[in-house]
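The structure appears below as structure tokens.
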Amino acid sequence: MVLPMTAMGTETASAVMGRLARGRHNRLRVEEGDTIVFSAHAIPGNEELVYRTINQLYRRGANVLYEGIAKVHVSGHASREEMKLLINLIRPRFLVPVHGELRHLKQHGQMAIDLGIPPEQVVVIENGTPIELTPNSIEVLPRLRGGYIFVDGASVGDIDWPVLRDRDKLAQSGFFFAVVSTNGDGRLLDSPEIVTRGFLDRRDGEEVISGAKDALERAIRQFKNSDNLQKQLEDSLGRYLYAETGRRPIVQVMVQRLLTESH
């Protein structure tokens with residue numbers, strides 16, 4: 001069995017080949033002596049996935065051919081001369097280049113002009129730009145606001161970049177949460193309570209937490225009359241944690257102002 005793999009790095013192709021390599025495809029199975037050809041470049045960033053898949057195929061006894069050891073690369077895109085041929089065969093009234101970055105679209109459009117398509121009938125646009133097309137005219141309309149739409153559980157489009165940045169920060173460095181209790185004039189009533197997840201190693205956690213409490217106490221004495229005490233405490237705590245660990249967890253401080261009875 002020979003399986004040519006021409007689009008490695010795309011989601012569908014890599015998923016199918018990954019299932020084959022792991023022996024989890026519901027219809028196909030890689031057997032001893034099979035030859036599998038990876039005839040496309042790995043998309044930048046996907047190299048680790050591609051090489052892991054190749055290793056798994058070797059473990060199953062397959063003979064794997066890929067660009068590093070054989071001249072098997074085949075492009076999935078038309079060449080410039082093929083695109084010229086297509087334009088000359090079709091002779092379109094209007095041409096709107098698609099697929100590629102702006103630099104590719106510009107070159108495609110200029111190619112059409114060089115082949116005799118009137119410049120006013122060649123329209124180079126980017127994502128989000130609508131066009132109004134009739135049998136005899138083409139008009140570019142104002143670009144619409146667009147971007148990524150995030151799916152989060154059952155909600156679609158309800159979260160945005162700030163939420164994702166917080167999630168990324170949580171994944172990288174965890175969070176550090178502190179509760180401080182003060183009286184009416186800003187004096188600390190008790191030792192700060194600390195809760196942290198995904199940030200400290202148990203071996204050195206106690207020392208850092210003790211230092212964080214000291215940092216909070218110093219900050220409270222310094223900023224007790226501040227109108228924005230919570231922000232000042234969070235900034236001070238964040239600076240201390242970065243100085244001690246070189247990491248920046250999500251830091252949040254809750255300030256409880258308790259009135260004490262006077263006798």
Can you tell me which residue is nearest to the chain's Cα centre (by Cα) among those in segment 198-215 that are among the basic types (Lys, Arg) and at pLDDT below 90? Arg202
Can you tell me which residue in segment 29-50 is modelled with the lowest pLDDT, limited to those that are closer than 18 Å to Leu65 by Cβ and loosely packed, with under 15 Cβ neighbours inside 10 Å? Glu47
Complete set of residues in segment 10-65 that are over 22 Å from the mean Cα position of the chain (by Cα), assigned to a loop (DSSP other than H, G, I, E, B) and within 24 Å of His77 (Cα to Cα): Ser39, Ala40
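Yes/no matrix, rows are residues, columns are (1) within 26 Å of the chain's Cα centre (by Cα); (2) exposed (fewer than 12 other Cβ atoms within 10 Å of the Cβ):
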site	(1), (2)
Ser155	yes, yes
Asp168	yes, yes
Gln172	yes, no
Ser191	no, no
Glu217	no, no
Leu229	no, no
Gln232	no, no
Asp235	no, no
Gln252	yes, no
How do the pairs read when you match residues in segment 157-185 that are in contact (Cβ under 8 Å) with a residue 12 or more places away in the chain with residues anywhere that are aromatic (Phe, Trp, Tyr) and outside any helix (DSSP H, G or I), using Cβ under 8 Å and keeping only pairs 6 or more apart or on different chains? Leu164/Phe150; Ser173/Phe199; Gly174/Phe199; Phe175/Phe199; Phe176/Phe199
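Conditions (1) under 28 Å from Thr134 (Cβ atoms); (2) in the same structural domain as Glu132 (by TED's automatic domain parsing); (3) of a type in the set (A, V, I, L, M, F, W, C), marked per residue:
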position	(1), (2), (3)
Gly23	no, no, no
Glu32	no, no, no
Ala42	no, no, yes
Glu48	no, no, no
Thr53	no, no, no
His73	no, no, no
Arg103	no, yes, no
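Looking only at segment 138-150, which residues are surrounded by 11 or more Cβ atoms within 10 Å (Cβ to Cβ) and either out of contact with any helix residue (DSSP H, G or I) (no Cβ under 9 Å at 6 or more places or on another chain) or assigned to a loop (DSSP other than H, G, I, E, B) (or both)?
At the first step, the residues of segment 138-150 found to be surrounded by 11 or more Cβ atoms within 10 Å (Cβ to Cβ) are 138, 140, 143, 150.
Within segment 138-150, Val140, Arg143, Phe150 meet the criteria.
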Met83 fails exactly one of (1) in contact (Cβ under 8 Å) with a residue 12 or more places away in the chain; (2) touching a Pro at 6+ places or on another chain (Cβ under 8 Å), namely (2)
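The values are calculated or read from the model by the stated rules, or taken from the named source; none is laboratory data. All values derive from a computational prediction rather than experimental measurement. Here the Cβ is made from the backbone with ideal geometry for all residues, glycine too, and neighbour counts use every protein chain on show.
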